[in-house]
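Beneath this line is the structure, given in structure tokens, with notes to follow.
The values are calculated or read from the model by the stated rules, or taken from the named source; none is laboratory data. Given the structure is predicted, the values throughout are model-derived calculations rather than measurements. Glycine also receives a Cβ, built like all others from the backbone with ideal geometry; neighbour counts cover every protein chain displayed.
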Amino acid sequence: MILIKYCRVFIVLIGMMFIHSVGYSIDKKIYHSVKSAVLLVGVCTKQVDIDLLPATTKQALLSKFGATKFKKAMAKLKHAKKLAPYCSKFSSGKNTFFYRLRSTGSSFLINKQGYLITNFHVVGNYSNIVVFDANRSMANAKIAKVVWRNKENDLAILKIDNISDERKPITLANPALINSLVNSDVWSLGYPGVSNTSAVQLLSFQAKSDKGVIRAKPEERYLMTNHSVSTSTIEHSAYINSGNSGGPLVDYCGKVLGVNQSVPSVTRGRGIGWSVHIKHVIAGLQLNGIDYTVSSKSCPYYIAGVSSTLSKLFDYIIFATLLMLIIMVVWLYKKRNLKPAGLTQFMRREMSRYFKTNSKSVKGSEKEANQTLVGVLKGFGTLEGVDLEMRGDDEIVIGRDSAGLTTPIDSIGRKHACLYWQAHLGVIWIEDLKSTNGTFLENGEEVSPGEKAFLKVGAGFYLSEPENGFKIVDKL
């Protein structure tokens, strides 16, 4: 009986070691299918082409605003024209106006009729929306119609015509199953690299993914887009950043659990993120009579790099291996006359060592706490109460976008500036992301659009107006 007890412990231990060494992952075919359903969304806005204004009008503007502001306006115009080809589907109707790409986000396809899900804050109340379909190039930007906007739950439904055959609609998860998925692995998909429109033309428009776990059961939260009605959200540790907004959060089988929405405004995206519960998406689709697919099937784990047939073979291999181990234990027991007390001590020691080596925290904060502290970003004026510990090597976009360091100030752009820091070099710098109202150092010196300015502990900067300020201090 004692031997059987020890063999059971051995089976558990070896089983855990095998699972840990092999690892579970999403099936590659499922992953590529889900990835094909994720599309990049762009918002186009009308802008005056100062170059085409009469000479007398330009001279009047120069006299009114001064040479410095006029030069800054011309620099922004030059940047805007680089983004105009992405909005070439829209006609301004006047020679002195053109459309440029204002901002981007993510979306995902839910049926072959071309209906897409995204966040309300991605499209806002704008009407000129484009979706990048086949080949993910500017030439294939398609005009999207906003079918439904829901500010309360930060959701929107888009519609494009003639969807590419390479796009595969994504299946939605049964909302009733999500409560049981705490600590289960999930993947967030989207276009985080395209969040800064100044770099759009340099990127390949490829959707990216990041793995995390569901941290807790869905909870009610007040979203940035609405403070009067709470929304059911899923808290998880999959990476979300500016540009991820509107993308899907999926399980092992590629079923959508939620819509990526935001990260806390006072902490970095890695370690915690929120997605709008899929039940709100389903309610919106039903309200608009739009077809979708829901699956209630259980989702079996998939062993990374192994086909479903080979995974069954692994089961037999595991069984045979464990049987051999049992035989070895019996042989050692008889051969060396190993006492039960000694075997128990050995098993406890080995299991303790295994758990100490391989235990993983669901929260990203423990890893973060061990990283070198570069400084603390503290808000003042209208931003008082915003605190951010800068650890390790990282960066954060500051603006009104809910997938960054969020500020509700209207004069601050959606992606106004980006703060970078590197602990191993001990450096900090701020970059203006070609904002409309500018980024300034505490002495009033403006950071040129698209340029970076180095900072140090004790220094400060502000966005748009001096009251929208930040200070870098050495500790909280």
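Filtering segment 238-264 to residues that are farther than 19 Å from SER184 by Cβ and in a loop (DSSP other than H, G, I, E, B) leaves ASN241, SER242, GLY243, ASN244, SER245, GLY246, VAL263, PRO264.
Looking at segment 313-323, is at least one residue assigned to a loop (DSSP other than H, G, I, E, B) and at pLDDT 70 or above?
Residues of segment 313-323 that are assigned to a loop (DSSP other than H, G, I, E, B), as a first pass: none.
Scanning segment 313-323, I find no residue that is assigned to a loop (DSSP other than H, G, I, E, B) and at pLDDT 70 or above, so the answer is no.
Only one of the numbered conditions (1) in contact with a strand residue (DSSP E or B) (Cβ under 9 Å, 6 or more places away or on another chain); (2) at pLDDT 85 or above; (3) not in a strand (DSSP E or B) is violated by GLN286, and that is (1). With surrounded by 15 or more Cβ atoms within 10 Å (Cβ to Cβ) and modelled with pLDDT of 55 or more as the only criterion, which of ILE11, ILE30 stands out? Residue meeting the stated conditions: ILE30.
Before we move on, is GLY212 assigned by the TED database to the domain that holds LEU116, modelled with pLDDT under 80, outside any loop (DSSP other than H, G, I, E, B) and not hydrophobic (A, V, I, L, M, F, W, C)?
Numbers: assigned by the TED database to the domain that holds LEU116: yes; modelled with pLDDT under 80: no; outside any loop (DSSP other than H, G, I, E, B): yes; not hydrophobic (A, V, I, L, M, F, W, C): yes.
So GLY212 fails the test.
Restricting ASP154, ASP133, ASP161 to those that are touching a residue at least 40 places away in the same chain (Cβ under 8 Å) and at positive phi reduces the list to ASP154. Checked against the criterion of being over 22 Å from HIS121 (Cα atoms) and surrounded by fewer than 20 Cβ atoms within 10 Å (Cβ to Cβ), segment 400-419 contains not a single residue that satisfies it.
Condition check ((1) surrounded by 20 or more Cβ atoms within 10 Å (Cβ to Cβ); (2) more than 21 Å from the chain's Cα centre (by Cα); (3) modelled with pLDDT under 85) across all residues:
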site: LYS76; (1), (2), (3): no, yes, yes
site: ALA80; (1), (2), (3): yes, yes, yes
site: GLY105; (1), (2), (3): yes, no, no
site: LEU109; (1), (2), (3): yes, no, no
site: VAL131; (1), (2), (3): yes, no, no
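Among the residues of segment 231-261, the ones that are farther than 15 Å from ILE278 by Cα and either surrounded by 24 or more Cβ atoms within 10 Å (Cβ to Cβ) or in contact (Cβ under 8 Å) with a residue 60 or more places away in the chain (or both) come to 9 in all.
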